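The values are calculated or read from the model by the stated rules, or taken from the named source; none is laboratory data. Everything quoted here is computed from the prediction, not taken from an experiment. Positions of Cβ are generated from backbone atoms using ideal geometry, with glycine treated the same way; all protein chains shown enter the neighbour counts. Just so you know, the surface numbers come from the protein's heavy atoms only, side chains and all, with ligands and any DNA or RNA stripped out. Shrake-Rupley method; radii C 1.70, N 1.55, O 1.52, S 1.80 Å.
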Amino acid sequence: MASSADETHVGEVSVDAVVVGTDGSDEALRAVAWAARGAAVMKRTLVIVHAWVWPLYNIDLGPVSGIKDSGLQRAAERVLEEAEAEARKTAPEIKISTRLVVGRAGDKLAEASRDANLVVVADRGLGGFLGLLLGSTSLRLVTGSHAPVLLVRGADHDGGPVVAGVDGSAESDLAVQRAAELADFTGNSLNLIHVDRLGAYQSDAVSEDGEPAEMLEKAVQIAKQTAPSIEVSSSVVSAKSAPKALIDASETARIIVVGSRGSSQFAGPLGSTTHALLQHAKCPVLCAVAPKSD
């Protein structure tokens, strides 16, 4: 790698790449492996990004005289080298670029998302890219990304379905579309779930007629139009809490897919269900972010 403290690119950088953030932690390397598999399946370039702030503080970046491979600059380069090695071990056939960038991690990943088809990050790490779950980095990325964001957390249920929550909103429709694409790529089935909170307070079973059924039928049509060959199932679940019902579903899911916001106009920049899943899901979570206009 180059020794400059400025942003360093290695290899080709292509539009619509899979971008993954790394900080050298075991959790980040797991995210790199996920991203590499995704890049292989989608036949896209993998871009591995490590952000550091030390050059902003006029700190000596090294190396230390007489000590081989020392200094902060070299440590940052090793983070990328280890991540690239993990990616090549996972998917030897893919093209890989690495970026050492100066700045705050959340901002830099959001910037990188402009040229991304997917952004991948772990839920916990050493504090550079990852740090506290849904702290400033994760929140900035999910709310500011121009591409879908995959948060790698929980267990790997390889044979489980891709699960998408359905609430009738435009964000939900986008989540169903992304989930169908994902199921098509991975070969997993797709399970669409609508959570009926009103039904949880009634003694009778939830009817298969009416609005929930219409909502799910529309979602099934979107899924089939997106990926005609996938296996699709749908169900109405009676539960007092939509987040809890989807977290329960995540215990056996391959990936759970949600929109960045739900149908409530009071949910804030990140919907309450999405917020809960990003913190508590038992499997990776894909946040289906709508493309942003500049």
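How much length is gained if the chain between PHE185 and ARG114 is pulled fully straight, taking 0.36 nm per residue apart and subtracting their Cα-Cα distance, in nm to one decimal? Don't jump to the answer; show the numbers that get you there.
Details: separation 71, 0.36 × 71 = 25.56 nm, distance 2.22 nm.
Working it through step by step, the gained length comes to 23.3 nm.
Tell me the accessible surface of MET42 in square angstrom (1.4 angstrom probe, heavy atoms of protein chains only), to the nearest ten.
40
Under a point spin-label approximation (7 Å from Cα along Cα-to-Cβ), what is the SER169-GLU251 distance to one decimal in nm?
2.6
So, R0 is 25 Å and r is the distance between the beta-carbons of ARG88 and GLN225; what FRET efficiency does that work out to, to 0.05? Each step should come with its number before you reach the end.
Values: r = 36 Å, r/R0 = 1.46.
Computed FRET efficiency for ARG88 and GLN225 comes out at 0.10.
Determine, from the Cβ-Cβ distance of VAL53 and SER241 and an R0 of 25 Å, the FRET efficiency 1/(1 + (r/R0)^6), rounded to the nearest 0.05. Please report the intermediate quantities before stating the final value.
Working: r = 39 Å, r/R0 = 1.55.
Using R0 = 25 Å, I get an efficiency of 0.05.
First select every other residue whose beta carbon is under 11 angstrom from the beta carbon of ARG197; then total the charges, Lys and Arg +1, Asp and Glu -1.
On the way: positive: LYS240, LYS244; negative: ASP167, ASP196.
Neighbour charge sum, excluding ARG197 itself: 0.
Nearest 0.05, what FRET efficiency do ARG124 and GLU217 give at R0 = 41 Å with Cβ-Cβ as r? Let's see the in-between values first.
On the way: r = 39 Å, r/R0 = 0.94.
Efficiency, rounded to the nearest 0.05: 0.60.
What pairs from LYS43/LYS244; LYS240/LYS282; LYS108/LYS218 go past 29 Å between their alpha carbons? Before the final figure, lay out each step's value.
Numbers: LYS43/LYS244 35 Å; LYS240/LYS282 19 Å; LYS108/LYS218 37 Å.
In this structure, LYS43/LYS244; LYS108/LYS218 lie more than 29 Å apart at Cα.
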